[in-house]
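Got a structure here, written out as structure tokens. Questions coming.
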Amino acid sequence: MNYSLMKLALTVVLNLVASVPLYAQMVEQKQLNFPVKAEELMKGDIHYYFSLDNPRKLLKQHPELFDLDSLSLFSEPESAIAVTKAAYVIDRPVGFFDDKQMTDEKFVSHVLGDQKVKKLNPETFKVTVPGEFSHQYKLQIFIDSDDISTLPNSKVIRAVSAAKKMDIISQGASSIVIKEMTQYSKFSLGGIVVMSFIPLKETKTLVIQYQLSSVKKAFGSAKIMKPGMVQEISYGRRLIQDFK
């Protein structure tokens, strides 16, 4: 990868987290299905797994990811897909993560850092990433909770079911949120984030988060994507906790 291409790739994965320090201890796990140990996460650590490969190899290693893929990202052979799983605790009551909060324009804008957000309808946002390699994408946010479900189709419903199968503790989630990122103007082919919010204590919520990020093959460098996506997890948690 030449310098210009590396710079482009770095911009893509660090658009949220440039120059932002880590505030939690990141503990890498060797397996996608690592056990979620809530008692360890209460100390503030973040446990995570990362893998990057072509769609065929990833599905061979982790066939369970097929049901998580509500956007059919694995059907694009000329791509690289990054898979991350993270588990961490947020100092918020689980009731904070309801449908109104998760699709509130002010909240979404805050969580996306310096990205500019415009709400198009109750579940859809246009997002503009600033900077030298500015680009846009569409973000849709759906929720399945004890009180309401906005899941739009069978593929999204299947992704929620997959999250519950992959981590049994997610069956006790008060809400599960799916974010779909599509229509990128550059670099990426799409992305999916599935977040399960599980009550621990009155003011603490366990989060189990899966993310599939599909990029054009030229930008599929683990050396670039891994540190960026890992740091994004830590930064994202801090932004949620800092929201007022």
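For segment 167-189, what are the residues that are in contact with an Asp or Glu (Cβ under 8 Å, 6 or more places away or on another chain) and either of a type in the set (Asp, Glu) or at pLDDT below 95 (or both)?
Listed by number, the list holds a single entry, Leu189.
On to the next question. If you check Ser109 against the conditions, is it assigned to a strand (DSSP E or B), of a type in the set (Gly, Ala, Ser) and either modelled with pLDDT of 95 or more or open to solvent by less than 30 Å² (accessible area, probe 1.4 Å) (or both)?
For Ser109, the condition - assigned to a strand (DSSP E or B), of a type in the set (Gly, Ala, Ser) and either modelled with pLDDT of 95 or more or open to solvent by less than 30 Å² (accessible area, probe 1.4 Å) (or both) - is not met.
Go through segment 73-115 and give me each residue that's without any contact (Cβ under 8 Å) to a residue 24 or more places away in the chain and hydrophobic (A, V, I, L, M, F, W, C).
Listed by number, the list holds a single entry, Phe74.
Evaluate segment 211-231: report whether one residue or more is closer than 21 Å to Ser174 by Cα, among the β-branched types (Val, Ile, Thr) and under 14 Å from the mean Cα position of the chain (by Cα). Let's see the steps before the verdict.
Taking segment 211-231 first, the residues closer than 21 Å to Ser174 by Cα are 211.
Those left that are additionally among the β-branched types (Val, Ile, Thr): none.
For segment 211-231, residues closer than 21 Å to Ser174 by Cα, among the β-branched types (Val, Ile, Thr) and under 14 Å from the mean Cα position of the chain (by Cα): absent.
Looking at segment 161-178, which of its residues are open to solvent by less than 20 Å² (accessible area, probe 1.4 Å) and touching a helix residue (DSSP H, G or I) at 6+ places or on another chain (Cβ under 7 Å)?
Ala162, Ala163, Ser170, Ile176, Val177, Ile178
Assess whether Glu132 counts as being surrounded by 15 or more Cβ atoms within 10 Å (Cβ to Cβ) and of a type in the set (Asp, Glu).
For Glu132, the condition - surrounded by 15 or more Cβ atoms within 10 Å (Cβ to Cβ) and of a type in the set (Asp, Glu) - is not met.
What do you reckon, is Gln241 part of a helix (DSSP H, G or I) and in contact (Cβ under 8 Å) with a residue 12 or more places away in the chain?
yes
Can you tell me which residue within segment 46-72, out of those that are open to solvent by less than 10 Å² (accessible area, probe 1.4 Å) and among the aliphatic types (A, V, I, L, M), is farthest from Gly236 (Cα to Cα)?
Out of the qualifying residues, it is Leu58.
Could you list, in sequence order, all residues of segment 148-207 that are of a type in the set (D, E, K, R) and not in a strand (DSSP E or B)?
Lys155, Arg158, Lys164, Lys165, Asp167, Lys186, Glu202
Looking at this structure, is Gln136 in contact (Cβ under 8 Å) with a residue 40 or more places away in the chain and over 23 Å from Phe66 (Cα atoms)?
yes
Let me ask something else. For segment 206-225, which positions are of a type in the set (S, T, N, Q) and open to solvent by 10 Å² or more (accessible area, probe 1.4 Å)? Outline the logic, then answer.
Going residue by residue through segment 206-225, those that are of a type in the set (S, T, N, Q) are 209, 211, 213-214, 221.
Gln209, Gln211, Ser213, Ser221 - these are the residues of segment 206-225 that are of a type in the set (S, T, N, Q) and open to solvent by 10 Å² or more (accessible area, probe 1.4 Å).
Identify the residue in segment 28-40 that is at pLDDT below 95 and not in a loop (DSSP other than H, G, I, E, B) and, among all such residues, is most open to solvent (accessible area, probe 1.4 Å).
So, considering only residues that are at pLDDT below 95 and not in a loop (DSSP other than H, G, I, E, B), the one most open to solvent (accessible area, probe 1.4 Å) is Glu39.
Could you please let me know if Thr182 is touching a residue at least 40 places away in the same chain (Cβ under 8 Å), open to solvent by less than 40 Å² (accessible area, probe 1.4 Å) and within 15 Å of Ser213 (Cβ to Cβ)?
Spelling it out, Thr182 is indeed touching a residue at least 40 places away in the same chain (Cβ under 8 Å), open to solvent by less than 40 Å² (accessible area, probe 1.4 Å) and within 15 Å of Ser213 (Cβ to Cβ).
The values are calculated or read from the model by the stated rules, or taken from the named source; none is laboratory data. Only a predicted model underlies this, so the values are computations on that prediction, with no experimental measurement involved. Positions of Cβ are backbone-derived with ideal geometry, glycine not excepted, and every protein chain shown enters the neighbour counts. Note: accessible area is taken over every heavy atom of the protein model, side chains too, but ligands, DNA and RNA are not part of it. Shrake-Rupley method; radii C 1.70, N 1.55, O 1.52, S 1.80 Å.
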